[in-house]
Amino acid sequence: MKRIAILALQGAFAEHEQMLTLLGAETTQIRNLADWNAFLGESLESGDYTGKGLVIPGGESTAMMRIMRDEELFLPLQTAIRGGLPVFGTCAGLILLDKQHLDTMDITALRNAYGRQLGSFYAEADIKGIGTAVPMTFIRAPYISEAGSDVDILATVDGRMIAARQANQLVTAFHPELNEDTRVHAYFLSMVG
């Protein structure tokens, strides 16, 4: 069984949990360093993350960064992701993986890229390797303003990069957990060895 840790500091973590459980994964909420160490278990020593993954949900990226530092999670998360732990970041999770935050993915995110007043919008677009007409709910969403050559851009909406993958890391600017379509989460689970 695939075991997925969900960073539950703030934001839309419960919806990810429901989606992953529906797909047959076992989930664990991570609120502090003790939760993280218990989730990783033997992987802490061996560096073998087979069958494990991490979801960083949407929320408020500044608040999440502060809590990660307060709970001494920043370095352990960064180390595991750089060590190959599969990670899926949505909305604020995309921001947290960029070069200006956890610095594990070669992207730069533009926060609140669509403007605060627009707030949210819905779109459907094709995602490379995932499928066609994938439903996308954007809530005060970022987008990727720059991406390195190792980053595979999976989808764009209105010419803006909104989904990407780099090795063990998957990001979306939208919230796939807020729709009933399970394809994006299923794709992430396929990345979890």
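Every read-out reported here was derived from the displayed coordinates using simple, explicitly stated rules and does not represent laboratory data. In this text, all values refer to a predicted model and were calculated from it rather than measured experimentally. Neighbour counts are summed over all protein chains in view; Cβ atoms, including those assigned to glycine, are modelled from backbone coordinates with ideal geometry.
Principal axis extents of the Cα atoms in the stretch 97-177, from largest to smallest and rounded to whole angstrom, are 29, 29, 23. Counted over the stretch 88-175, the DSSP beta bridges are approximately 90% antiparallel. Would you mind telling me the antiparallel percentage of the DSSP bridges in the chain, rounded to 5? DSSP beta bridges in the chain are roughly 55 percent antiparallel. For a modelled paramagnetic label at Asp70, 7 Å from Cα along Cα-to-Cβ, the residues of the stretch 1-26 in reach, with backbone nitrogen under 15 Å, are 8-11.
Helical runs assigned H by DSSP (4 residues or longer) give the chain a calculated mean residue ellipticity at 222 nm of -8000 deg cm²/dmol, each run adding -39500 (n - 2.57) before division by the residue total.
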